[in-house]
């Protein structure tokens, strides 16, 4: 696959919860091996959009989509596509760290086992924990409960857990919003490092974070009918210095939130 | 005081008095339960303890109180409870998993849920008559251990389902989402993320439901009214009796000695009950530390 080709192509995407339209006519492309930040005020649909990329919205019975998302050039929502398989290729990290109430080891091993990992599980666990910059802190207590870790460590464990499955894309839904500033910086640094080998889409309500971390930024807003639409999408430096839309400028300069 | 608040009339003394009264009322409410339990226990222990001996546990019932024992009833109870557990755990937990994790939330599942809650409140004698008609008569099993166990299974199944559902519902949804996001399918999510957290609650609920069944006389009377059983069931198709029936029979006799035998029987029954409840607590604690360690 050509590295210049976008990994996701979203066209005329709308998402409904029953009759309520949460996303309206989104058109955008997600660049490969880059960090794309989705920003916007609360309720603008940025998390909903994120969950479209790994079909997590399938788990909500009332949700349905219109329009199309191409992943590596083929329709993500085609009836022949198995959402379970998709989610092992497109990993996700959640807003609140959600390690399973198992050992650190078992947390990372879970994804490997369910997906039938053929290699050495111990090696894969070490590799994933190293990638998530957690190995040195936990290597002597892999059998301890993940719940004993600090919030920031738990979140890095969740990232390691996602990496272990060897995804192509990692979706992050406000991954640092429940963490203190130091843990937040550690996560941001990690996200930058990971972008060398992964495509990352990150939702954040923290504009400094978007500016610090991402290569591209997409700004969403909710319209009069409360459905979210894409206002502007471009290089982060452009969005934060010379936004095309007045609404983008008003938002990033903090005139509304 | 430095400054008094002119716009308020705090009436502190009065508020404290009312607070004290309610504290006392609630304490009394607790004491009613504790005291009546204490009175009951002392009475039973005083009357039954002298009759409690190894012989009481190993002898068969007899018309002579001094050599009468509870062996057949105790073994019958153990047989019936073991089979009941065997039937209710897989069925009850399975039904709970289906209702919580698979079933779509629509009117039909709502109707099923309401009915299960209602079934949990049906008087136990009704289950006894159902079991008698269904297992003893229609399926012509006879008045055997299996029929008794199936009847008690029907009785506790709704409680096991309700308790298991509560336990499953208490599992944070984040665990499910986390597992789905790693590419787990529905069963892998349940096995890997839901059940490990739900098992302590399921175990506790199930054991508590079983300890309700162990004290039930009414439904088993409908299946087996036997009292003078001088053998221990060897397989599920043997005739049987259970401890509540034996105790009920002794209580109904005019001689004082049999009253005391009944008290001794109650002590044994209570001991088994307490053991089961303790087991529930131990299992819950062990699973909790295991899943958090």
*Within the protein assembly as shown, helix-based [θ] at 222 nm, where runs of 4 or more DSSP H residues each add -39,500 (n - 2.57), nearest 500*: -16500 deg cm²/dmol
*In degrees, nearest 10, range 0 to 90: what is the angle between the Cα axis of helix A:151-164 and the longest Cα principal axis of chain A?*
90 degrees
_Acute angle (nearest 10 degrees) that the helix A:104-114 long axis makes with the longest principal axis of chain A, alpha-carbon atoms_ = 70 degrees
*What is the pair-distance distribution P(r) of the protein assembly as shown, computed from all Cα-Cα distances in 10 Å bins starting at 0, with each bin given as a whole percent?*
3, 14, 19, 17, 14, 14, 11, 6, 2, 0, 0
*Return the distance in nm (one decimal) between the two label points of a simple spin-label model at residue A:16 and residue B:174, each offset 7 Å from Cα along Cα→Cβ.*
3.3 nm
*Any idea what Rg and Dmax come out to for segment B:54-292 if you just take the C-alpha atoms, in Å?*
20.5, 70
*Using Cα atoms only, what is the angle between the long axis of helix A:121-131 and the major principal axis of chain A, expressed in degrees (0 to 90) to the nearest 10?*
50 degrees
*Under the definition of Cα pairs under 8 Å and six or more residues apart, what whole-number percent is the relative contact order of segment B:54-292?*
27 percent
*Which percent, to the nearest 5, of DSSP beta bridges fully inside the protein assembly as shown are antiparallel?*
60 percent
*Which value in nm describes the separation of the simple spin-label points at residue A:62 and residue B:191, placed 7 Å from the Cα toward the beta carbon?*
3.3 nm
*Would you mind calculating the relative contact order of segment B:40-93 from Cα pairs under 8 angstrom and at least 6 residues apart, reporting the percent as a whole number?*
20 percent
_Just to check, using Stokes-Einstein with a Kirkwood Rh over alpha carbon pairs, what's the diffusion coefficient of chain A at 25 °C and 0.890 mPa s in µm²/s?_
131 µm²/s
*Between residue B:111 and residue B:130, what length in nm is gained on full extension when 0.36 nm per residue of separation is reduced by their alpha carbon distance?*
4.6 nm
*Name the residues of segment A:212-235 whose amide N is less than 20 Å from a point 7 angstrom out from the Cα of residue A:250 along the C-beta direction?*
A:218-234
_I'd like the FRET efficiency for residue B:82 and residue B:166, computed as 1/(1 + (r/R0)^6) with the beta carbon distance as r and R0 of 22 Å, rounded to 0.05._
0.35
*Roughly how many Å is it from the Cα centre of segment B:172-204 to that of segment A:129-193, as a whole number?*
21 Å
*Evaluate the distance, in nm, between pseudo-label points positioned 7 Å from the Cα of residue B:273 and of residue B:230 along their respective Cα→Cβ axes.*
3.2 nm
*With springs only between Cα atoms under 10 Å, which of A:141, A:32, A:87 fluctuates most in a Gaussian network model of chain A?*
A:141
*Could you work out how far the C-alpha centroid of segment A:196-247 sits from that of segment B:100-127, in angstrom?*
49 Å
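Only the coordinates and a few stated rules stand behind these numbers; no lab work does. Predicted, not measured: the structure shown is a model, and the values here were computed from it. When we count neighbours, we look across all protein chains shown, and the Cβ atoms used for this are built from the backbone with ideal geometry, even at glycine.
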